[in-house]
Every structure is written in structure tokens, then in C-alpha cells.
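Right, one structure below, let's go through it.
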Amino acid sequence: LMTTKGAVDQLSPRTKAARSGDALSILSGHGGRILCVKTAWHGDRLLSGGADRTVRVWDLAGSGGKCLHSLSGHFGWVSSVQYWGPNTINSASTDRSIALWDARVRNSPLFTLRHHYASISDVLVGSRTDPIMISAASDGTIAAWDFRRLSDENSQSERSKHRMCKVVRRPAATL
């Protein structure tokens, strides 16, 4: 597609950037390296995890890249982030844990999953309604976690009384 200089000057800055190969927006806020990113299935949110031990939630739709939330709770670098369902975020870390967050609450993780003896290298979640999550670690272990087991009535009421994160150490299965 060829355009004259006058026609290019009339384009919006975003369209000019897209045509020139420049970045549409720059997201800044992490205090160090960014190690992982993942978009929500609907495309209007982006998650990022970094060496600053935080998970950041970015708005890609309305504000053009504004950081909506910064989630702190890991003691190591955040190595994996993703959504599970509309409001649940999971993040894995070099601190050997997986944190499950409610994006609406944001104070601290709802659950911390601790089974592995080394850094979490990857996490796999199926569809938004699949209750199983698989985690893999640098120690050569793989664990399967069943979200239905995490949210039984006793742990929910106990946790809400004390407003604490529940630590789960036993996965549904290991490989």
C-alpha cells in the first residue's frame, strides 16, 4: 500500500506506529527484568511477572497500557503467569511456589501451592473451566492440582475468618 506523505500525516499516532513497525505502547512499571507475559483470553488484559517478585495486571483496551494492579506475595522471581477463569490469576515463582489470586481482592494470594523442591519452570492450565492445573519444576517433578479440592467449605470459612492465604502442600497427583 502506497500513501502520499500528506495522507500519512493525517493518520492517528497509533496507526502511524503500527505501519512503521514501532511499538503501539510501552508498558513500564516493573523494577527489573520481565520474565513472562500472558494475555487474557478476551485480549483486553495482560499479565506480566518479573524479577521484582511482582505480578502486574495491565489494561490493554481502554487506557492503552495502564497498570491496574501490582500483586506482591512471592519471595522469588515470577516465572509464569496466567488467568484461570475471569477473576483468578495464577503465578509461579523461583521461590518454589504457585500463588492463586482473586483479581478483585488483590491483597494477598488466596492459596499458595507448595510441593516442588526447586523453581517452578512451567504451569499448564486447560480451558477456563478445567479444574486441573499441572506444574513442572526444575527438580524434575510434575504435580497435578485440582482446584475443586482447594475450595472446600471448611477452608473457605476458616480462611475468610482470618483473612489469610491457605498453603496447600499436597497436589492431587504427582509424576
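A straight chain from ALA144 to ASP102 at 0.36 nm per residue would run longer than the Cα-Cα distance by 13.1 nm.
Highest average first, the peptides 90-97, 47-54 ordered by how many other beta carbon atoms sit within 10 Å of their residues are 90-97, 47-54. Directionally averaged projected area (region 22-101, Cα convex hull): 5.0 nm². Between SER121 and PHE75, the FRET efficiency from the beta-carbon distance, with R0 = 25 Å, is close to 0.90. Once the chain from ALA51 to ASP22 is taken as fully extended at 0.36 nm per residue, the excess over their C-alpha distance is 7.9 nm. Remark: spin-label model distance ARG128-VAL167 equals 3.4 nm, labels positioned 7 Å along the Cα→Cβ axis.
Modelled spin-label separation between ASP59 and THR39, with each label point placed 7 Å from Cα along the Cα-to-Cβ direction: 1.9 nm. Distant-in-sequence amide contacts of VAL168, defined by a placed amide H-H separation under 5 Å and a gap of 5 or more residues or a different chain, comprise THR112, LEU113, ARG114.
Quick note: the coordinates plus some simple rules give every number you see, no bench work behind them. What you see is a predicted model; the values in this text were computed from it and never measured. Please note: Cβ atoms are built from the backbone with ideal geometry, for glycine as well, and neighbour counts cover all protein chains shown.
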